[in-house]
Amino acid sequence: MADIVVAPAVPPVVLAGRGKSGGRSDGGLRRRPLPLADLPTPRVGTLVYGVAALDASGRIADSGVVRALGRVPGTRLHIHEGAGLVVLRADRQGVFTVTGQGHLRLPAAVRQWCGLAAGDRVLLAACPAEGLLVVHPPAAVERHGPVRPRD
């Protein structure tokens, strides 16, 4: 049996917007552009996020966040609560310090103000440029409700 070679069918080239008579090749119909999806706004800053569980002593062990902030054991910290969030900032006059293992420890009074207990998972948001860490307890996260995608 001999192989049969068939020539490919190639459509003629038509310049966009012009047919043989110089008119529109699309029969006068204009195509609308396809809709584009809404893209999220690009991030402006460089925040570092983490999720960690508190132990019975109030320690938060998230080495990625601590490392991003440049906190070394012995770094003095100012810790305060505001609007249900815990804010930590490096402060030479701070009363609290980063532990020898590089953990952050929330004082009992702050844990009580925010309703935190051992085993609670917290959302960490660090801004290395400002040397700031904000701890979001579960109650603060739940207050905002679930994130709903835009339709």
Task: Selection count where residues are of a type outside the set (Val, Ile, Thr), touching a Leu at 6+ places or on another chain (Cβ under 8 Å), open to solvent by 40 Å² or more (accessible area, probe 1.4 Å) and under 22 Å from Ala68 (Cβ atoms), scope region 78-119 - done: 5
TODO: Tell me which residues, restricted to region 71-92, are modelled with pLDDT of 90 or more and either touching a Ser or Thr at 6+ places or on another chain (Cβ under 6 Å) or among the small types (Gly, Ala, Ser) (or both).
DONE: Gly74, Arg76, Ala90
Open item on the list: Any residue that is modelled with pLDDT of 75 or more and open to solvent by less than 90 Å² (accessible area, probe 1.4 Å) - is there at least one of those in region 39-46?
Closed with: no
TODO: Of all residues in region 72-128, count the ones that are free of Cβ contacts under 8 Å to residues at least 40 places away in the same chain, in contact with a helix residue (DSSP H, G or I) (Cβ under 9 Å, 6 or more places away or on another chain), assigned to a strand (DSSP E or B) and over 17 Å from Val141 (Cβ atoms).
DONE: 2
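The values are calculated or read from the model by the stated rules, or taken from the named source; none is laboratory data. Small disclaimer: the values here were computed from a predicted structure and weren't measured. Positions of Cβ are backbone-derived with ideal geometry, glycine not excepted, and every protein chain shown enters the neighbour counts. To get the accessible areas, we keep the full protein, side chains included, count just its heavy atoms, and leave off ligands, DNA and RNA. Shrake-Rupley method; radii C 1.70, N 1.55, O 1.52, S 1.80 Å.
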